[in-house]
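Contents: one structure, followed by commentary.
No lab work stands behind these numbers, since they all come straight from the coordinates. Source: prediction; values computed, not measured. Cβ atoms come from the backbone with ideal geometry, glycine included; neighbour counts cover every protein chain shown.
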Amino acid sequence: MQYITEYEKQTLFSKTSEAEYKVCDLLDALRELGIRRGDTICVHSQIYSLGKAAMLRNDYLNMILKVLKEAVGENGTIIMPAFSYSFCEKQIFDVQESKSTVGILTEFFRNSEGVSRTVHPIFSFSVWGRRKKEFLNIGLDAFSMDSVYGKMIQGNDKMVLLGADKGYTIYYLAEESVGVSHRFFKYFSGIVRDGEKEYDMTVPYYVRHLDKRSEEDPQKVSEYLLKKGIEARVPFGWGNISSFQCKNMYESIVEKIKEDESWFLK
């Protein structure tokens, strides 16, 4: 199945003062990063880094989704975070209605045809594609091997940072796996609404010790992965598009944290 026509590939996508980018340039960047048909990708985005949009807002967002679908094909799977932290403040988490708070592309994707959301009141994900059912079947711990990220590590699936420089949330799974001393489990309870059903839910969250040095530095993570040859990066717009395989990233980060658990901290 073709998601983008040849005409659309040649249309202007975005521009900066130095360059203009066609839709095909975005697709070519993903191909250069090794994204292929049949892949499962989790996309973290910061789309203003891609340049000034050359389309109306919804057309632009929809074109990004079409490019991602073209990259992975009908047998591929696309995942995006749809995190919503209101549950931590005792608000109801509504699977269908609670908005994603991690970018306009993630909220647009969440509301797109064929997309379903995982039932996790803090770290939910939106999923489209062949493996959707598999990724909707997750546990309560968002950073265990029974989570979306955990399943991606086990499958050595791919992360795509679409203009984002802070898309290393999967890093927390490595910290939890090692059991770093600057984090601890805290439990959050509240009400989840899923259609006409409402029920109580309690989920663990491996939070930071605020009185300790505990916040990771995304730049340190990125530089480490680039140096190890795990993360690939291509310039695009005002920023970059990056990708890495989740298992390779996880194993390398775990190894380094075991040597020095503060290595990646600010």
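Summary table
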item: Of Ile241, Ile191, Ile47, the one that fluctuates the most in a GNM where the chain has Cα springs shorter than 10 Å; result: Ile191
item: Calculated FRET efficiency for the pair Glu259/Tyr48, C-beta based, R₀ 45 Å, to 0.05; result: 0.80
item: Highest-fluctuation residue, Cys42, Cys24, Cys246 considered, GNM on the chain with Cα pairs under 10 Å; result: Cys24
item: Farthest positive-ward along the stretch 116-266 dipole, Cα basis, beta-carbon charges - from Tyr187, Val221, Ala232; result: Ala232
item: Share of alpha-carbon pairs per 10 Å distance bin for the chain, given as whole %; result: 7, 29, 35, 22, 6, 0
item: Hits among lysines - C-alpha to C-alpha of Lys166 under 17 Å, sequence gap 8 or more where chains match; result: Lys158, Lys220, Lys266
item: Selected from Ala82, Leu61, Val119, residue furthest toward positive end of dipole (the stretch 55-147; charges at beta carbon); result: Leu61
item: At most 11 other Cβ within 10 Å, DSSP loop - trypsin sites (Lys or Arg not before Pro), the stretch 180-214; result: Arg213
item: Size of charge dipole - the chain - debye, nearest 20, with Cβ of Lys, Arg +1 and Asp, Glu -1, no other charges; result: 180
item: Segment Arg37-Lys212, length gained on full extension (0.36 nm per residue, minus Cα span); result: 58.6 nm
item: Whichever aspartates and glutamates have a C-alpha closer than 19 Å to that of Lys9, once near sequence neighbours (fewer than 8 apart) are set aside; result: Glu20, Asp25, Asp28, Glu32, Asp59, Glu70, Glu74
item: Spatially proximal lysines relative to Lys90 (Cα-Cα < 21 Å; intrachain offsets below 8 disregarded); result: Lys99, Lys186, Lys197
item: Extension reserve of the Lys133-Asn75 stretch, reckoned as 0.36 nm per residue once the Cα distance is removed; result: 19.6 nm
item: Contact order normalised by residue count of the chain, Cα under 8 Å, 6+ apart, percent; result: 20
item: Filter on Lys22/Lys151; Lys15/Lys66; Lys133/Lys212; Lys15/Lys256; Lys15/Lys69 - keep pairs with C-alpha separation over 30 Å; result: Lys22/Lys151; Lys133/Lys212; Lys15/Lys256
item: Helix axis angle, 23-32 relative to the chain longest principal axis, alpha carbon, degrees; result: 60
item: Centre separation in Å (Cα based) which lies between the stretch 159-192 and the stretch 2-47; result: 28
item: Student exercise, the stretch 35-96 dipole from Lys, Arg, Asp, Glu Cβ charges, in Debye to nearest 20; result: 180
item: Label zone at Met55, where the point sits 7 Å out along the Cα-to-Cβ direction: the stretch 101-131 residues whose backbone N lies under 11 Å; result: none
item: Helix 57-72 vs. the chain, principal-axis angle (Cα, 0 to 90°, nearest 10); result: 80
item: Bridge type composition, the chain - antiparallel percent by DSSP, nearest 5; result: 80
item: More than 21 angstrom apart: percent of Cα pairs within the stretch 140-223; result: 44
item: In nm, spacing of pseudo-spin labels at Arg193 and Ser116 (7 Å Cα→C-beta vector); result: 2.2
item: Rough spin-label spacing in nm, given labels placed 7 Å along Cα→Cβ, for Lys266 and Met201; result: 2.9
item: Degrees between helix 246-259 axis and first principal axis of the chain (Cα, 0 to 90, nearest 10); result: 40
